[in-house]
Amino acid sequence: MTVIESGKGIITQINVFTVLPENVDSLVKILKEAANRVKDKDGWLSINLHVSLDRTRVTNYAQCSSKEAWDRIMEQLYAEGFIDRLLALGSPNPCLYEVAWTLSR
């Protein structure tokens, strides 16, 4: 479950891939496959995928309970070749975040 709440220590990676429109579906498929591979690991929380309307960007919003959990999961994804497969389809721009503030209706 996606948790967007400050002060919880949750680590969020927001990664915007620049991608050719014809590669969007393949990139999304690999991201889904990777997420399903690690979804039962300790510390894994959620993933949300967004495709831009012009199909030139895919945004991945993924969360783990801590930086240590994130590092373990990324280590597995690298080892299993998911990152190389993604890099073959698009250019990522990842960054890790903590939630600073939220406002909901």
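Mind pulling the angle between the C-alpha long axis of helix 67-79 and the longest principal axis of the chain? Nearest 10 degrees, somewhere in 0 to 90.
Tilt relative to the chain: about 20 degrees.
Can you tell me the 0 to 90 degree angle between the C-alpha axis of helix 24-38 and the longest principal axis of the chain, rounded to 10?
For helix 24-38, the angle is close to 40 degrees.
Which aspartates and glutamates does LYS8 reach when only Cα atoms under 19 Å apart count, and residues fewer than 8 places away in its own chain are ignored?
Filter leaves ASP42, GLU68, ASP71, GLU98.
Once you've got the GNM for the chain with C-alpha springs shorter than 10 Å, pick whichever of ASN23, ASN60, ASN36 has the biggest mean-square fluctuation.
ASN36
With all pairs of different alpha carbon atoms counted, what Kirkwood hydrodynamic radius in Å does the stretch 11-97 show? Don't skip to the answer; put the middle values down first.
Details: mean 1/r = 0.0774 Å⁻¹.
This gives a value of 12.9 Å.
Using a Gaussian network model on the chain with a 10 Å cutoff between Cα atoms, which of LEU31, LEU87, LEU53 fluctuates the most?
Maximum among the listed residues: LEU53.
Given an 8 Å cut-off on Cα distances and at least 6 residues of separation, report the relative contact order of the chain as a percent. Present the calculation step by step, with values, prior to reporting the outcome.
Details: 171 pairs, mean separation 48.1, N = 105.
This gives 46 percent for the chain.
Throughout, read-outs are computed from the coordinates displayed, never taken from laboratory work. Quick caveat: nothing in here was measured; it's all calculated off a predicted structure.
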